[in-house]
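The values are calculated or read from the model by the stated rules, or taken from the named source; none is laboratory data. Quick caveat, the model's predicted, so the values are computed rather than measured. Note that we place each Cβ from the backbone using ideal geometry, even for glycine, and neighbour counts take in every protein chain shown. When the accessible area is computed, the model is the full protein with side chains, heavy atoms only, and any ligands, DNA or RNA have been set aside. Shrake-Rupley method; radii C 1.70, N 1.55, O 1.52, S 1.80 Å.
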Amino acid sequence: MTKKNDTTEATGATEEREARPVGLGVVGWLRWGWRTLTSMRTALILLFLFALGSVPGSIYPQRSVDPGRVAQYFQNSPTEAKWLDRFWMFDVFTSPWFAAIYLLLFLSLAGCVFPRAVAHFKELRRKPPAAPRNLHRLPQNAAFDGDLTVEEAAARLRRDRFRVVTGPDWVAAEKGYLRETGNLLFHVSLLALLFAVGAGALFGYRGNVLVVEGEGFSNTVAAYDRFMPGQQVSAESLQPFSFTVKDFQATYIASGEKRGQPLDYSATLSVQDTPTSRPRDVELKVNEPLDVNGTLTYLLGHGYAPTFKVVDGKGNTAFEGPVPCLAGDQMTYTSECVIKAPDAQPDQLGFLIRFLPTTVPNGKAWVSIFPGAANPTVQIFPFSGDLGLKSGQPQSVYQLDTKSLKPLGKMSADPTPLNVGDTKELADGAGSIQFTGVKEWISLQTAYDPGRLPALIAAALAVIGLVLSLTVQRRRVWVRVKGRQVTVGGLTRTEGGGAGFAEEFAEILTKLRGAAPAEPSGHSQPEDRSEDASASDREPVSPSTRSSEE
Amino acid sequence: MPPAQVNEGLATLSDQLILVTVLLYLAAMIAYALELAFGRARTAVAPAKSRRLVAVGAGAGSSAPAESAEEDASSATPVPPAGWALKAGAAAVVVSWLGWATNLGGILTRGIAVDRWPWGNMYEFVVALCFASVTVFLVLLTRQPIRFLGAFVTVAAALGLGFAVLFLHVQAGPVMPALNSYWIAIHVTAAVIAGGLFLVSGVSAVLYLVRNDGRLSVLPSKEQLDRIAHRAIVIGFPIWTFAVIAGALWADRAWGRYWGWDPKEVWSFITWIAYAAYLHARATAGWRGKAAMIVSLVAFGCLLFNLVGVNIFFSGLHSYADVPK
Ligand code: HEM
């Protein structure tokens, strides 16, 4: 950058920013950089950037929240998605540029808070400054005649918890140090909060798993469908609990406009906290997770898992058990799933299944009209051929790769549904499939986050600090005594403050005057104010608007 | 589990009470506006100034301050300190308390009809928010001479309620299982209170920007408007902070993490930052005054977007807000 630029910018800067140290060398530049970084103005801009930076995170689907929708985005508009991905738009909150803002803000905060803490600590032990010569120049001031002595004035102010020093003919008092203490507490708590969140991410983990009624789960990395560990989590550190899902119940509104809306979900688990402990029954609900020594397991979702028995062309059982189905529509719970029977002979068998929990005919088709399983049926679309499992490509359990498969028999868009117990014979002597029953599955999330309690404490402290720094005002009062002439002056040291101080000042004045006859003078006209001062005393919404009403 | 049974009679009564509330707020708004238009203009500067502002068409139900027409003071007679204008103002206060009562009645009857906290969907939330902002105004009014705000607060509340009734109304009924928690009482109540305060501050901020300096106006001085806006935010901000934290605690109970950048979380956070930025701006030289006010309005825009936009445009874990399609 040229010198010319430097000077023009420096003159344009406000008092907060220092002129750039032209020709001061590396140290000077560093110092200038640090000052700029830790100034309120920079903090403000960083705050804005921080907020602005999180906006795309709410517009675009995020991998950490919903990877499925990200994949869909890539499918629908690949070029756009590729470009968005280059700017980390699907991973906003873990992107380098978001981290950069975050780190700069963090530095700015730290660089701002620690010097201020030191200054405040010194300030706390400093005495209030001596009275200025002309008290009537202060925003609040009054004079009266009375027999007040310096000692009496000091004692009165001390009683109001002012910090007081006295001179030969003056008293200086100050109060409201809690404002700065609160402010520092707030900013330090913010730092602590960022640390707690970071620690939680490093030492915690999350895992998702789907469990069908009657089946079990034990808390090991291998048992999860999706496991997201922090960098410092080892497989052995997982809490060794296990459970069986004994039962799951969902209840729905049965009639009226909101028919089909879920009312309650409840799963009964039989839990063993450790491999040797005795099983206990736990009712798992939304908002009521299972807690095993700080590792929490949540009920996130549910669905149907119809059970089937597939017999192949040679009469052997090729598949038997529940098949978890995904619901497309929450109001009808019409669900879809896939059976793959790779061991079937002579050809591999695959089935697309549509599950209808409450089936009614609709013209030539069948539909479900309610999410509860009042009349469960399945529609089956059988295929035979090569399931494509040998290629080594990972496959979704919810999708059938029909590239090398051919439909068995005549394909119909709406095959006759099977009731529980019904068997469908497959064409070409390929075997049969029996719909044997209906179970439900639940999806669970297990989360361990050692940072949650520290984060909560930090957040609570931040609120306390915030309230202190927003409500307390730093204020000073001076009294000068010259014979029977008493002058009192006061001011607040708070930017944009002053609200309510006029009333407090009037009250102090009344106390100081004590029994002395009232002879007010000065601009603040304490007489007029002292009446309602007691009513609205220290109220956060006190009549600060009065002056312009008069 | 709440009973699926809904007391239809009470639910209908609640809907009717809300309609009555809209009418009462509109009536109060007109009375406040009459007082504003025909009451005495406040002196911002020496009355010798040759121009003054007289509000016209103030009863026309616009949320912006009445359009102002300039008159030459030399050709106009001084405004008579109309006694009936003051009476209109007093009547406005009475009518707004009535509206407040029917608003409260509407919320209570709905809550009793469905036997749960009556802010489980967007309709109920907006109704509660309007109630909160009128409450904030009326409570402030018992302590400060801010009747001039009345027309603007009541019209905002009437518009909000009208919007809720026309576009957001859903039949009274039980909520999704996820909302079935005592946290709704803590988290949403805090958000509603903070929202009410922010609305009052937003109204003051708009008036501040509209108010012309150095002229006679029915509006109070900029300084006064600035103070009201600031006060409301100073009280509202910690409550909002609390609401966000309570939300995080609830998320920890319900979804297994306290913060996951769900769209609702992102926008609460943005709103929070924006109000924090306002507080910083107001304490920073060069930003005080108009710039800070604009920041506060940006923050208010974020709040509104969070309450309305996020529920409609984004899908997320918060999407059980039950917006009618
Ligand atoms: C997440 C970020 C932050 C939030 C939410 C936040 C919030 C607040 C709030 C609410 C206040 C009280 C305003 C008042 O006293 O009127 C405040 C004051 C202050 N903050 Fe921050 N702050 C943040 C970051 C920072 C940073 C990074 C810095 C330093 C570079 C900073 C410096 C200050 C200072 C100096 C004050 C005192 C203002 C005064 O009263 O004179 N803040 N902050």
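Using only Cα atoms, what Kirkwood radius does the range A:84-237 have, in angstroms?
22.0
Close amide H contacts of A:GLN140 (hydrogens built in the peptide plane, cut-off under 5 Å, sequence separation of 5 or more or a different chain): A:GLY490.
Residues whose amide H comes within less than 5 Å of that of A:ILE369, counting only those at least five positions distant or on another chain, are A:THR358, A:VAL360 (H built at 1.01 Å from N in the peptide plane).
Rolling a 1.4 angstrom probe over the protein heavy atoms with all chains in place gives the range A:422-494 an accessible area of 40 Å² per residue.
Size descriptors for the range B:145-202: radius of gyration and Dmax over Cα atoms are 14.9, 45 Å.
Computed over neighbours whose Cβ is under 14 Å from that of A:LEU326, the net charge equals -3, Lys and Arg +1, Asp and Glu -1. When A and B come together, around 5500 square angstrom of accessible surface is lost from both chains combined, probe 1.4 Å. Listed as lacking a disulfide-compatible partner in chain A: A:CYS112, by the criterion of no other cysteine Cβ under 4.7 Å. Relative to the longest principal axis of the Cα atoms of chain A, helix A:150-159 runs at roughly 10 degrees. Remark: the Cα gyration tensor places the range B:124-168 in the oblate category, a/c being 1.5 or greater and a/b not exceeding b/c.
In terms of overall dimensions, the C-alpha atoms belonging to the range A:252-336 reach 51, 48, 17 Å along their principal axes, ordered largest to smallest. Taking Cα atoms only, the orientation of helix A:3-12 departs from the longest principal axis of chain A by about 70 degrees. Across chain A, the relative contact order, built from alpha-carbon pairs under 8 Å that are at least six residues apart, equals 17 percent.
The amide H of A:LEU408, built 1.01 Å from its N in the peptide plane, has A:PHE383, A:SER384 as neighbours under 5 Å, considering only residues 5 or more places off or on other chains. Sorting A:184-195, A:212-223, A:27-38 by average packing, meaning the other beta carbons within 10 Å per residue, from highest down gives A:184-195, A:212-223, A:27-38. Among the trypsin sites (Lys or Arg not before Pro) in the range A:383-424, those placed in a DSSP loop whose Cβ has at most 12 other Cβ atoms within 10 Å are A:LYS390, A:LYS410.
With contributions of -39500 (n - 2.57) from each DSSP H run of at least four residues, the per-residue ellipticity at 222 nm computed over chain A stands at -10500 deg cm²/dmol. For q = 0.16 Å⁻¹, what log10 I(q)/I(0) does the range B:191-257 give under the Debye formula with an equal point scatterer on each alpha carbon and no solvent? The Cα Debye sum returns log10 ratios of -0.60. Residues of the range B:238-260 that bury at least 50 Å² of accessible area when the other protein chains are present, relative to the chain alone (probe 1.4 Å, heavy atoms, ligands and nucleic acids excluded): B:PRO238, B:ILE245, B:ASP252, B:ARG253, B:GLY256, B:TYR258.
Is the shape of chain A best called rounded, prolate or oblate, per the rule: a/c under 1.5 gives rounded, else a/b larger than b/c gives prolate, else oblate, with a ≥ b ≥ c the square roots of the Cα gyration tensor eigenvalues? Cα axes put chain A in the prolate bin.
For q values of 0.17, 0.20, 0.22, 0.23 Å⁻¹, compute log₁₀ I(q)/I(0) with the Debye formula on a Cα-only model of the range A:314-394, without solvent. Values returned for q = 0.17, 0.20, 0.22, 0.23 Å⁻¹ are -0.76, -0.90, -0.99, -1.03. The mean number of partner chain beta-carbon atoms within 10 angstrom of a residue's beta-carbon across peptide A:42-52 is 4. Shielding value for B:220-233 is 3, the average number of Cβ atoms from other chains within 10 Å of each residue's Cβ.
Once the partner protein chains are put back, the range B:128-175 shows a loss of at least 40 square angstrom of accessible area, versus the chain by itself, at B:ARG143, B:GLN144, B:PRO145, B:GLN171, B:PRO174 (probe 1.4 Å, ligands and nucleic acids excluded).
Against chain A, whose longest principal axis comes from its Cα atoms, helix A:178-203 is set at around 20 degrees.
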